[in-house]
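Quick notes on the structure that follows.
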Amino acid sequence: MSASKFLHFLRTPTPLSPLLFPKPFSLKPLRFLRYSSSSAVENLTADATETLCASHPWPEWVTFVDRLKTKGYLIESPPEANHEGDAESVYKDMNLVKDACFSFARDRYDIFRSLSTKDIQMVVESGCPNLLRKAVNSGKRLRAYVLLDEGNVCSTCTLRGSCDRAYVILKENDAAARTVDIVRILLFYALDPLVISGGEKPPGRDIIESSARKLFSELVALSETSPDPALPKPAVKGPKRKEDYVKFVDDKLSQDVEMKRGDWMCPKCNFMNFSRNVQCRKCNEDGPKGVGAGDVEMKKGDWTCPECSFMNFSRNIRCLKCKAEGPKRVSADEAEMKKGDWTCRQCGFMNFASNKKCLRCPEPRPKRELKPGDWECLSCGFHNYSRNMECRKCNGERPKETVASEYKEQLWRRPQ
């Protein structure tokens, strides 16, 4: 049987016997292996170029991806795991090639200065390819590299209405362009759905695509050169260490601060600590024994812990440092009462004059003994002096009987 008749037999749908083929199967068209070249695009033959264009419209992009495979950046799946169309999907799927492209760009940081400045300018002078934050930042770095005015580019960009970083100028420490920036921009243009589908493109897009394809060809050619050992690798910014924020432990700063009563110098690192610091803030060395007790003025009721010599205020029942039990409270009989202080009738606790309720139990403060002429408000029960014609608390009216009795006592009587 001739080859033409054999192909005609395969293409003609004929009923097959279920005895010969118990399981259903589909007839796939004959596929020929695509020619993959690792050389530059200029050296490709006409047949190879036609085959490359079938998988992607840009042969320069296909050659660049093939070079990533050769260099080991892009690992292909085994042939038995591939399905129909998988061989070409690697040239059109962002998720399959982006990591390989960025790894290559970071390794070959030295080739950025060798790329055509004119083509870089043509790619980025019309704006950013999309609104992804990394793409916008890369575009800004590249425009600063080719000395383009950021305001002029953003004012003519079609995406400026939705861009939250339009007209933003990058800081000086983040404005250095790198190989990964131009690769990121080229990657977005190469995998643009308009490029892959061949749809209608906006005006001026052909110039951008022409420069992008030239840059891909330059990347392929420069990938065969050896890295320049004299060129330093860009420093990667790491997270700031905690020591950068702890500026107050500087020796010079501690020497410039005026020492006050109770402050102490660390015997190990000579750092000045405040009186409240039990340990040195720089080296964690224990402070001198008795810090906070002997150097701080103690008031009445304050006490020193017998276990750790820490000075506690009178209100502390236990030591704030070692939690040791404090001294017993002074009873109401032993405490010296001042004018206005009062003793709770229910629990016997001595309260200050300012306390309206007992601090130990919720018993209210007993009413004061009324002197001649004093009166209690009928509305709020506030104690008013005899000179008050209205309640000092609620402005309530003074009872009339108290006014009459006071007036009666002040009537003039004829001496007998």
Please give the helices (runs of 4 or more DSSP H) falling wholly within the stretch 49-151 in which 3 or more residues are farther than 22 Å from Pro202 by Cα and modelled with pLDDT of 90 or more.
59-71, 94-107, 133-145
List, please: which pairs have Cβ atoms under 7 Å, are six or more places apart or on different chains, and start with a residue in the stretch 161-185 that is free of Cβ contacts under 8 Å to residues at least 40 places away in the same chain and end with one that is of a type in the set (Lys, Arg)?
Ala166/Arg160; Leu170/Lys140; Leu170/Arg141; Ala175/Arg141
Give the residue that is surrounded by the fewest Cβ atoms within 10 Å (Cβ to Cβ), with candidates limited to residues of the stretch 157-214 that are within 17 Å of Trp61 (Cβ to Cβ) and of a type in the set (S, T, N, Q).
Ser197
Which of the helices (runs of 4 or more DSSP H) found entirely inside the stretch 192-250 contain at least 2 residues meeting this: at pLDDT below 85 and at negative phi?
242-245
Members of the stretch 107-154 found to be in contact with a helix residue (DSSP H, G or I) (Cβ under 7 Å, 6 or more places away or on another chain), among the small types (Gly, Ala, Ser) and surrounded by fewer than 21 Cβ atoms within 10 Å (Cβ to Cβ), listed by number:
Ser114, Ser116, Ser126, Gly127, Ala135
Check on Gly396, modelled with pLDDT of 75 or more, surrounded by 12 or more Cβ atoms within 10 Å (Cβ to Cβ) and on the phi > 0 side of the Ramachandran plot
no
Over the stretch 316-330, the set of residues over 42 Å from the mean Cα position of the chain (by Cα) and either assigned to a loop (DSSP other than H, G, I, E, B) or modelled with pLDDT under 80 (or both) is Ile317, Ala324, Gly326, Pro327, Lys328, Arg329, Val330
Which one is surrounded by the most Cβ atoms within 10 Å (Cβ to Cβ), of the residues in the stretch 354-379 that are at pLDDT below 75 and under 17 Å from Gly301 (Cβ atoms)?
Arg360
Give all pairs with beta carbons closer than 6 Å in which a residue from the stretch 306-324 that is without any contact (Cβ under 8 Å) to a residue 60 or more places away in the chain meets a residue that is surrounded by 11 or more Cβ atoms within 10 Å (Cβ to Cβ) and of a type in the set (Ser, Thr, Tyr); count only pairs at least 6 apart in sequence or on separate chains.
Met311/Thr304
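The values are calculated or read from the model by the stated rules, or taken from the named source; none is laboratory data. The shown structure was predicted, so the numbers you read here are calculated from the model rather than taken from an experiment. Neighbour counts run over all protein chains shown; Cβ positions are idealised from the backbone, glycine included.
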